[in-house]
Every structure is written in structure tokens, then in C-alpha cells.
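> Sharing a structure with you now.
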Amino acid sequence: MKKGLYLGIGLVIIFLMVSCGGEKQEAPPEKAQPEEQPQAEETSALNTREGLEKKLEELGFPIYPGAEFVEVKEERGEYQIVYEIPEKTEEASQKVSDFYSETFEKMKSAGWESIMEDTGMFDYLYQKGSDIIRFTHRFFSDINFHQIVITYEQE
């Protein structure tokens, strides 16, 4: 009798497995994802080298030729890109300064307003509408250090 009972329970289990399995149930259709706002896409892209360099190019702010990318940082809505200048000489520092002096003149002609210029510290701040660019040129020959830092933010 026990064998019959076990056989019956086994058949019921097999029947249940066959009747419940085998057919795939279709997953409910996914809800359409709302399209992201273009501003959100732009903001998220600014924390990448490509995104920030593209934005600076659109604003007419070039990267010094020969500058070597170091990193991109994002903090409190500011996007900062850092480049090392391979040449660590006074002459190379002057070339960088001359290059960006010309850039600043072009920016002023294009409607950018100089908010701050500290030529002693090589620190410059320009604004046009809600766009703000801060440029810092750091050169220390005694420690073999030469870099530029460009910070972008929207007001």
C-alpha cells in the first residue's frame, strides 16, 4: 500500500511539473522609458574628457597644442579638466601664456566678460551668459611642474 501511495504521489508531482512547465510566459511589455532631457545628457557628458573638450570647443576655448590630458574632475556642478605641459621651461611657459592671451582677446571680442584676471597667479575667469570658464596656468620650474587647468560651470 505504501508503494501505491508513493507511486500516486510521484505521478501527481510529474503531472504538475509537466502541466506547469514547458510554456514560457511572456513578460509584460516594458513601459516606454521617458526620454532624457538634452540638458541632462549634456551634463553627464561633461564629466568625460570627450564631453568637456567638446563643450569647450563649442564655446571657443581651445586646448593648448601638445598639452597632455591628465584627468577630469566634477565637484559641485563644476567640471575641471587638467593637462600637463611636457616642456618645463620658462620659454614653454611663455608660449602657453601667449597662446591663452590671444584666446582671451578672441573671447572678449566674442562677448565674453572678464570677471577676474590675476596675471601673477595665472588665474583667469570669464563669463558669457550662464557659461563660466576659469583658466589656471601653473608653472614651477624648481619642481619640474607645468600644467593648465580649465574649469567650466553654468550659473
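> Which order results if MET107, MET116 are arranged by neighbouring Cβ count within 10 Å, fewest first?
On the way: MET107 21, MET116 10.
Fewest to most other Cβ atoms nearby, the residues stand as MET116, MET107.
> If you don't mind, another one. Would you mind calculating the gained length between ILE115 and GLU57 on full extension (0.36 nm times residue separation, minus the Cα-Cα distance), in nm to one decimal?
18.8 nm
> When averaged across all projection directions, what area in nm² does the alpha-carbon convex hull of region 56-155 cover?
On the way: hull surface 25.2 nm².
Projected area, direction-averaged: 6.3 nm².
Here, each number is a calculation from the coordinates, and none is a lab measurement. Just so it is clear, the structure is predicted and the values come from calculations on it, not from any experiment. No Cβ is skipped: glycine too gets one built from the backbone with ideal geometry, and neighbour counts run over all protein chains shown.
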